[in-house]
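> Below: one structure in structure tokens.
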Amino acid sequence: LSSRASNILNSLGVSTTTEVSGVYDGEWRGSGDVFESKCPATGEVLARVKSATPQELHQALEKTREAYVSFRNVPAPRRGELLRQIREALAAKRVELGELVSLEMGKIRTEGIGEVQEFVDICDYAVGLSRMMNGRVVASERPGHSILEVPNPLGVVGVLSAFNFPVAVYGWNLALSMAAGNATIWKPSPTTPLCAIAVTKIVSEVLEKNGIPGAVAGLVTGGKDVGEAVVESKHVDLVSFTGSEHVGRIVGKAVMSRFGKVILELGGNNASIVMPDADLSLAVPAVFFGAVGTAGQRCTSTRRLYLHREIADEFLERLLKLYSSVAAGDPLASETLLGPLHTPTAVGTYENAIKHLKSIDAEILCGGKRYDSAPLDAGNFVQPTLALPKSVNPTDQIWKTETFAPILNAAKFDELEQAIEWNNAVPQGLSSSIWTRDLRNVGKWIGPAGSDAGIVNVNVGTSGAEIGAAFGGNKSTGWGRESGGDAWKEYVRWSACTINFSDAAPLAQGVNFPA
Ligand code: NAD
């Protein structure tokens, strides 16, 4: 192991010498299949992680259930205090954990650290929430009666997460789930187990110090089989799944078929629209970050760009200048803006998309190849690509599918209505953005005939979000909501409690039923 990798792992208390245990349910274990964690920038094997056997998985699920049964009685503000301590412990390791995200996932250092900051922020939010998860008193039509809407802890929350946010997505879920009084079991991506182990170590130390069962925040690393077992388990009341549309469709059906609850946060295929009155000095860098940042591996990455014909040529010229300046390389180096794709398979997906663009005679304005000279050829580095397909055909795969790579397809339009139609013509509905100074355009964009996405921005790019608002998409992105806003309401069990304080027992709607 390189000294840099072992320094980062050592600083987080993750063993670097032997196979690492990838299961935690109050104790660390794991004697199932061994997964390799590989650095996408160099191909270096960072660790071998021992996942759960079916028996260990079963045991972890049972222990999580038991942990819920005791944890649900801990008062909510006290749960908030635990989250405050978790926040402090995470903040103390923000840099080290952020660097591990870069090392294992491949995003650049500032984004890796930013991802840990997101976990810290949502803990702050959940601390406040722990004193504000209020129900309601509803006016009853019957004299001497009151109706309460009461939120109680839900049970066990299974979090299945994607590789591209190996820390933050769990953070959004854990913070709300724990504030709500649930126990959480995490099945991370099989390619980012070290981030999950490092986070679980930090969280479990806080729980153990406070005498809370560690299985309140359990971990089961592994692949599809482990994911399926969590999804199918009757011990899991809510499955919060973040990943591809393809797997999300399977997970959604499986959970629904046993009447479990499900949150689906699936693929995005996000567009930016630039109007002729836009401030290009803001719009061009924002589109550049949206398309190239995280090497195009954010669910909110900008994949489609609709330019008003009046400014299209100037916009593309300015954007191309930024593309030609991009520094690809070691994600941990301060000058790097472009890290690698996460896996060699993703490079294949990128190359297929480029092949398809060529087959439909799209103009490739820049990029289009992997980096094939040293040192980048040791990793999964691809050139950020800007393409101008001949037309917008919403049924063509280039427009309708999410290619998880830095490929931006541009097109020119004449009327805003046309651009909004293109924006909405894809199956996905996660993020969208318009660049304009004209209030009338803003009104159209955010109104009933505007963008149908879950995130509808104005003079802000598609990529990234703050934790305060509920995060999620519509249509094939899955309609789920996490993080801020009213998202916490998904993590509780709601009861409508009608209480009769009177000496009579009238029926509702004036129904008369003499006994
Ligand atoms: P993926 O669908 O391949 O895997 C996601 C998780 O599902 C992993 O933990 C995986 O092991 C597990 N899994 C795979 N098959 C399963 C099965 N049959 N049953 C249960 N679990 C199973 O996704 P990925 O490649 O890791 O992540 C990229 C995708 O995630 C992109 O589509 C991206 O847009 C999406 N994503 C969405 C959001 C959002 O909030 N909308 C956020 C991040 C990523």
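The values are calculated or read from the model by the stated rules, or taken from the named source; none is laboratory data. Keep in mind that what you see is a predicted model, and the values were worked out from it rather than measured. Every residue, glycine as well, gets a Cβ built from its backbone with ideal geometry; the counts of neighbours run over all protein chains shown. The protein model used for the area step is the full one, side chains on, heavy atoms only, and it has no ligands, DNA or RNA in it. Shrake-Rupley method; radii C 1.70, N 1.55, O 1.52, S 1.80 Å.
> State to the nearest 20 debye the size of the charge dipole of the chain about its Cα centre, where the only charges are +1 on K and R beta carbons and -1 on D and E beta carbons. Can you show the working numbers first?
Details: 48 positive and 55 negative charges, 155 e Å.
With only Lys, Arg, Asp and Glu charged at Cβ, the dipole is about 740 debye.
> When you take every Cα atom in region 337-408, what is the radius of gyration, and what is Dmax, the widest Cα pair distance, in Å?
12.4, 39
> Using just the alpha carbons, could you tell me how many Å³ per residue the convex hull of region 429-483 encloses? The partial results should precede the final answer.
Details: hull volume 4.2 nm³, N = 55.
Convex hull volume per residue, Cα atoms: 76 Å³.
> Calculate the radius of gyration of the Cα atoms of region 155-194 to one decimal place, then report Dmax, the largest Cα-Cα distance, as a whole number, both in Å.
10.1, 30
> Find, to one decimal place in angstroms, the Kirkwood hydrodynamic radius of region 91-183, where the mean of 1/r is taken over every pair of different Cα atoms and then inverted. Let's see the in-between values first.
Numbers: mean 1/r = 0.0648 Å⁻¹.
Result for region 91-183 stands at 15.4 Å.
> What trypsin sites (Lys or Arg not before Pro) does region 180-251 have in DSSP loop regions with at most 15 other beta carbons within 10 Å? Mind showing how you got there, number by number?
Details: sites: Lys201, Lys209, Lys224, Lys234, Arg249; in loops: Lys234.
Qualifying residues, ordered by number: Lys234.
> Given the pairs Lys50/Lys489; Lys187/Lys400; Lys93/Lys321; Lys261/Lys400; Lys369/Lys390, which are separated by over 31 angstrom at their Cα positions?
Details: Lys50/Lys489 35 Å; Lys187/Lys400 29 Å; Lys93/Lys321 37 Å; Lys261/Lys400 28 Å; Lys369/Lys390 20 Å.
Pairs exceeding the cut-off: Lys50/Lys489; Lys93/Lys321.
> Quick one: if you take sqrt(5λ) for each eigenvalue of the C-alpha gyration tensor of region 226-327, what semi-axes come out, biggest first, whole angstrom? Present the calculation step by step, with values, prior to reporting the outcome.
Values: eigenvalues 336, 38, 16 Å².
Over the Cα atoms of region 226-327, the ellipsoid semi-axes are 41, 14, 9 Å.
> Continuing with the same structure: What is the set of long-range amide H partners of Ser21 at a cut-off below 5 Å, with H atoms built 1.01 Å from backbone N?
Those qualifying (amide H under 5 Å, at least 5 residues apart or on another chain) are Lys50.
> Now for a separate question. Which whole-Hz couplings ³J(HN,Hα) result when phi for each residue of region 356-366 is put into the Karplus expression 6.51 cos²θ - 1.76 cosθ + 1.60, θ = phi - 60°, listed in order with x for Gly and Pro?
Working through the residues one at a time gives 5, 4, 5, 5, 9, 6, 5, 7, 8, 6, 6 Hz.
> Next question. Enter the Cα centre distance for the pair region 31-71 and region 379-402, rounded to the nearest angstrom.
36
> Given the chain, what percent of its DSSP beta bridges are antiparallel, to the nearest 5? Walk me through the numbers on the way to the answer.
Values: 30 of 72 bridges.
So the antiparallel bridges in the chain amount to around 40 percent.
> For region 273-351, just the Cα atoms, rotate onto the principal axes and tell me the three extents in Å, largest first.
40, 27, 19
> Then there's this: If each DSSP helix of 4+ residues adds -39,500 (n - 2.57) and the sum is divided by the residues in the chain, what number results at 222 nm, nearest 500 deg cm²/dmol?
Rounded to the nearest 500, it is -12000 deg cm²/dmol.
> If the cut-off is a Cα-Cα distance under 18 Å, which aspartates and glutamates reach Lys38, setting aside same-chain residues fewer than 8 apart in sequence?
Glu19, Glu96, Glu99, Glu104, Asp330, Asp377
> Going toward the positive end of the dipole of region 458-511, with +1 on Lys and Arg Cβ and -1 on Asp and Glu Cβ, which of Val460, Asn500, Asn474 do you reach last?
Value: Asn474.
> Calculate, for the chain, the solvent-accessible area per residue in square angstrom, rolling a 1.4 angstrom probe over the heavy atoms of the protein chains.
Values: 20980 Å² over 515 residues.
Here the per-residue accessible area is 41 Å².
> If amide H atoms are built 1.01 Å from N in the plane of the peptide, which residues on other chains or at least 5 residues away come under 5 Å of the amide H of Thr184?
Excluding prolines and chain starts, which carry no amide H, the hits are Val157, Ala217, Gly218.
> Taking each pair of distinct Cα atoms in region 99-148 once, what is the resulting Kirkwood hydrodynamic radius in Å?
Radius from the Kirkwood sum: 14.4 Å.
> Further question: Using each residue's phi in region 379-394, evaluate 6.51 cos²θ - 1.76 cosθ + 1.60 at θ = phi - 60° and report the 3J(HN,Hα) Karplus result to the nearest Hz, with x for Gly and Pro.
Along region 379-394, the couplings run x, 9, 8, 10, 6, x, 10, 10, 10, 10, x, 4, 8, 9, 10, x Hz.
> Starting from a Cα-only point model with no solvent, please compute log10 I(q)/I(0) by Debye for region 20-66 at q = 0.19 1/Å.
-0.60
> Say the dipole of the chain comes from +1 at the beta carbon of Lys and Arg and -1 at that of Asp and Glu; which of Cys299, Val157, Ala362 then lies farthest toward its positive end?
Val157
> I would also like to ask the following. Can you give the three extents of the C-alpha atoms in the chain along their principal axes, from longest to shortest, in whole Å?
In descending order, the Cα extents are 79, 63, 37 Å.
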